[in-house]
Amino acid sequence: MCGIIGIVGDRPVSDRLVEALRRLEYRGYDSAGIATGGAGVIDRRRAEGKLDNLIDVLDGAPLPGTIGIGHTRWATHGAPTKNNAHPHATDRVAVVHNGIIENFQVLREELIAKGHVFQSETDSEVIAHLVTDGLDQGQTPQQAAAATFARLHGAFALGILFSDEDDLLIGARRGSPLVVGYGDGEMYLGSDAMAVGPLSNRICYLAEGDWVELRSAGAIIHDETDAIVEREIRSSSVAAEAIDKGNYPHFMLKEIYEQPTVIGDTLNTYFNALSGKAHMPPMPFDMANVPKITIVACGTAAYAGSVAKYWFEQIARVSVETDVASEFRYREAAMPEGGLAIFVSQSGETADTLAALRYARSQGQHIVSIVNVPDSSIARESDVVLPTHAGPEIGVASTKAFTCQLTVLACLVLTMARARNAIDDAREAILCAALAHVPELARDVLQHDDRILSIAGDMVDARDVLYIGRGSLFPIAMEGALKLKEISYIHAEGYAAGEMKHGPIALVDDGVPIIVLAPSGPLFEKTVSNMHEVIARQGQVFLLSDEAGLKAAGDVPHSIALPDVDAFIAPILYALPVQLLAYHLAVLKGTDIDQPRNLAKSVTVE
Ligand code: F6R
């Protein structure tokens, strides 16, 4: 899940490589580097950590050259040091790589036996040495590259630069995406449309197994058998405008506050305000007769799927299975022919989710994806794409994409419930009216920010935090815990409230804050009983409920009164305070909120 960029032309490339890396930093920020070639030498600049460190290096030692490659890294093999930063190079070849070379140890030993000297601990460096080995044997760059691809096991998107070629870059993809951008007298290679978008609005997605010879005048694409092929060139709609934080200190806070607007934008697509009903685009299957739904995703997106499981089963009366993609893709799930498989992903590039989608397709499922990047790999391989309209999400911790995913899923549930005659008109009207009010209710919830900040102050020294909820609030408890872990580095877990007494209650003492998510509704009393079991054991409870709930819950020292809403929409609204709580705790802890340690925004390795 690194980002790669390449440019071949007749103008200096260094600045534009760095600008493209800025757009790719969401794929990883452990290190960054660029290399130029073509004048008989490979020249590189690399730096550990964020891109700004590379910029400092380049300020002191600029890099000339009209052909070059760049990389932003999320470390897989080898620590995030300068030595392990890409591009990896010999004196003849430099390589940037996204993916994992699974047989790198065998190849490395073979090359060391031949006299190659390795400088890094990475799997990627073998690629530079293999290509160099081919060149040393008298092969052309194309022959050496093709022979190298044939020896690699695993996933890769590659950009290869040669010391002696001032008008040739070679790119290749297997398992990881790679885009070719067509310019005027200049050509580009990038991990995604965003990398090359501002440079070129004509792009081509390489197909699985393709490799490409890129010259300033154009591209020759080969398939996995090395035959020359044509691939569609399409226009790219990726906006070139700079995305900034406005007056907010962090992207995450800005994105939390954008939720009323972007949920509204998403509803505008899937909800007809005049008829007061949810609707979906035409589906190539009969919603009334779907035998089973499988929802697969990772992380926060998987929690959106878990909320939807409650909704689909209760409201549309259809059986749903949910799983995280990393498990689903290997467990050979039995799926009924003609079932519906839904894939949820902000980036649309998550490797495990994409692999799960391909498995579901092989099992005769109809494929629907809910993505925030409409031109992404997952979108391109789906039968139906239901875009969220969250806008670019820059903060690594997902916030607005999550509530927009829930909004799309809620509309899909209501549409399917109607198609299946599982809901009567009166109930449908109540749920639709509730959903239509989510944007303004979300605005009300955000008014509690100061109170949440003060609660964060009470929790700042906690080593562990527990979140509990029942029904569709259980996934929100897990989401709250995930948000807290990833940006504040405080250990947190989300539990089904009724499970506490089966183990986790042993953790409770006066130093463990417990966030209780308990809107009024059918499960309220049960959740409050679980809360009192915790209070009886000196647990520090923070109750999130509505006025009626707080009154019924009795004396709870810390609480927030959220709007009184139908249980259907409660998970969407209760997501906001847990996001804000994680945010404020992270600010108090002084962590790097938009780019937390060890993480990346898009996870393109399995
Ligand atoms: C958590 C977070 C991750 C992502 C997960 C899936 O805040 O952002 O857990 O939700 O990596 O990513 P997408 O949605 O891009 O498939």
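The values are calculated or read from the model by the stated rules, or taken from the named source; none is laboratory data. What you see is a predicted model, and the numbers here were worked out from it, not measured in a lab. Here Cβ is always computed from backbone atoms with ideal geometry, including for glycine, and neighbour counts include all displayed protein chains. For the accessible areas, the whole protein counts, side chains as well, though only heavy atoms, and no ligand, DNA or RNA atoms are used. Shrake-Rupley method; radii C 1.70, N 1.55, O 1.52, S 1.80 Å.
Side notes on the structure shown:
- Evaluation of residue 351 against (1) within 14 Å of the ligand (Cβ to nearest atom); (2) closer than 23 Å to residue 267 by Cβ; (3) at pLDDT below 95; (4) not charged (D, E, K, R) (one fails), failing number: (2)
- Any hit, the stretch 10-19, residues being without any contact (Cβ under 8 Å) to a residue 40 or more places away in the chain and surrounded by fewer than 20 Cβ atoms within 10 Å (Cβ to Cβ): yes
- Test: residue 262 is in a loop (DSSP other than H, G, I, E, B), closer than 28 Å to residue 470 by Cα and in contact (Cβ under 8 Å) with a residue 12 or more places away in the chain: no
- Against the test of being modelled with pLDDT under 95, more than 17 Å from the chain's Cα centre (by Cα) and basic (Lys, Arg), the options 329, 358 yield a single qualifying residue, 329.
- Flag if residue 603 is open to solvent by 10 Å² or more (accessible area, probe 1.4 Å), modelled with pLDDT of 95 or more and assigned to a loop (DSSP other than H, G, I, E, B): no
- Residue within the stretch 283-300 that is open to solvent by 20 Å² or more (accessible area, probe 1.4 Å), more than 29 Å from residue 578 (Cα to Cα) and among the aromatic types (Phe, Trp, Tyr) present: yes
- Filter result (farther than 17 Å from residue 161 by Cα and of a type in the set (S, T, N, Q)) within the stretch 3-40: 31
- When 154, 115, 138 are checked against the criterion of being in the same structural domain as residue 77 (by TED's automatic domain parsing) and at pLDDT below 95, 154 stands alone in meeting it.
- Among the residues making up the stretch 507-520, a single one is touching a Lys or Arg at 6+ places or on another chain (Cβ under 9 Å), open to solvent by 10 Å² or more (accessible area, probe 1.4 Å) and small (Gly, Ala, Ser): 511.
- Total residues in the stretch 537-568 satisfying the condition of being in a loop (DSSP other than H, G, I, E, B), out of contact with any Phe, Trp or Tyr (no Cβ under 8 Å at 6 or more places or on another chain) and under 21 Å from residue 434 (Cα atoms): the figure is 5.
- Some residue of the stretch 270-283 being under 20 Å from the mean Cα position of the chain (by Cα) and either modelled with pLDDT of 95 or more or assigned by TED's automatic domain parsing to the domain that holds residue 432 (or both): no
- Any hit, the stretch 220-235, residues being crowded, with 16+ Cβ neighbours inside 10 Å, within 26 Å of the chain's Cα centre (by Cα) and of a type in the set (Val, Ile, Thr): no
- Any hit, the stretch 271-281, residues being within 16 Å of the ligand (Cβ to nearest atom) and either assigned to a helix (DSSP H, G or I) or open to solvent by 30 Å² or more (accessible area, probe 1.4 Å) (or both): no
- Pair list, Cβ under 8 Å, 6 or more apart: the stretch 329-344 residue touching a residue at least 40 places away in the same chain (Cβ under 8 Å), other residue of a type in the set (S, T, N, Q) and part of a strand (DSSP E or B): 335/294; 339/294; 340/294; 341/294; 342/294; 342/369; 343/369; 344/369
- Any hit, the stretch 95-104, residues being out of contact with any Phe, Trp or Tyr (no Cβ under 9 Å at 6 or more places or on another chain), in a helix (DSSP H, G or I) and over 24 Å from residue 216 (Cα atoms): yes
- Search result, residues across the stretch 485-530 that are touching a residue at least 40 places away in the same chain (Cβ under 8 Å) and more than 22 Å from residue 460 (Cβ to Cβ): 518, 519, 520, 521, 522, 523, 526, 527, 530
- For the stretch 569-598, filtered to residues that are assigned to a loop (DSSP other than H, G, I, E, B) and open to solvent by less than 50 Å² (accessible area, probe 1.4 Å), the residue that is nearest to the ligand (Cβ to nearest atom) is 596.
- Scanning the stretch 295-320 for residues that are within 16 Å of the ligand (Cβ to nearest atom) and not aliphatic (A, V, I, L, M) yields 298, 299, 300, 303, 305, 306.
- Filter result for residue 39 (assigned by TED's automatic domain parsing to the domain that holds residue 76 and open to solvent by 10 Å² or more (accessible area, probe 1.4 Å)): yes
- Count - residues of the stretch 47-75 that are among the charged types (D, E, K, R) and either buried (at least 21 other Cβ atoms within 10 Å of the Cβ) or in contact with a His (Cβ under 7 Å, 6 or more places away or on another chain) (or both): 1
- Evaluation of residue 131 against (1) out of contact with any helix residue (DSSP H, G or I) (no Cβ under 6 Å at 6 or more places or on another chain); (2) buried (at least 16 other Cβ atoms within 10 Å of the Cβ) (one fails), failing number: (1)
- If the condition is being among the aliphatic types (A, V, I, L, M) and in contact with a strand residue (DSSP E or B) (Cβ under 6 Å, 6 or more places away or on another chain), then the stretch 127-166 contributes 127, 128, 131, 145, 152, 155, 157, 158, 160, 161.
- The stretch 466-495, subset among the charged types (D, E, K, R) and not in a loop (DSSP other than H, G, I, E, B), residue surrounded by the most Cβ atoms within 10 Å (Cβ to Cβ): 479
Per-residue answers, yes or no, for (1) more than 16 Å from the ligand (Cβ to nearest atom); (2) in contact with a Leu (Cβ under 9 Å, 6 or more places away or on another chain); (3) under 20 Å from residue 281 (Cα atoms):
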{"residue": "335", "(1), (2), (3)": "yes, no, no"}
{"residue": "345", "(1), (2), (3)": "no, yes, yes"}
{"residue": "365", "(1), (2), (3)": "yes, yes, yes"}
{"residue": "369", "(1), (2), (3)": "no, yes, yes"}
{"residue": "390", "(1), (2), (3)": "no, no, yes"}
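- Residue within the stretch 407-420 that is in contact with a helix residue (DSSP H, G or I) (Cβ under 8 Å, 6 or more places away or on another chain), in the same structural domain as residue 541 (by TED's automatic domain parsing), within 16 Å of the ligand (Cβ to nearest atom) and among the hydroxyl-bearing types (Ser, Thr, Tyr) present: no
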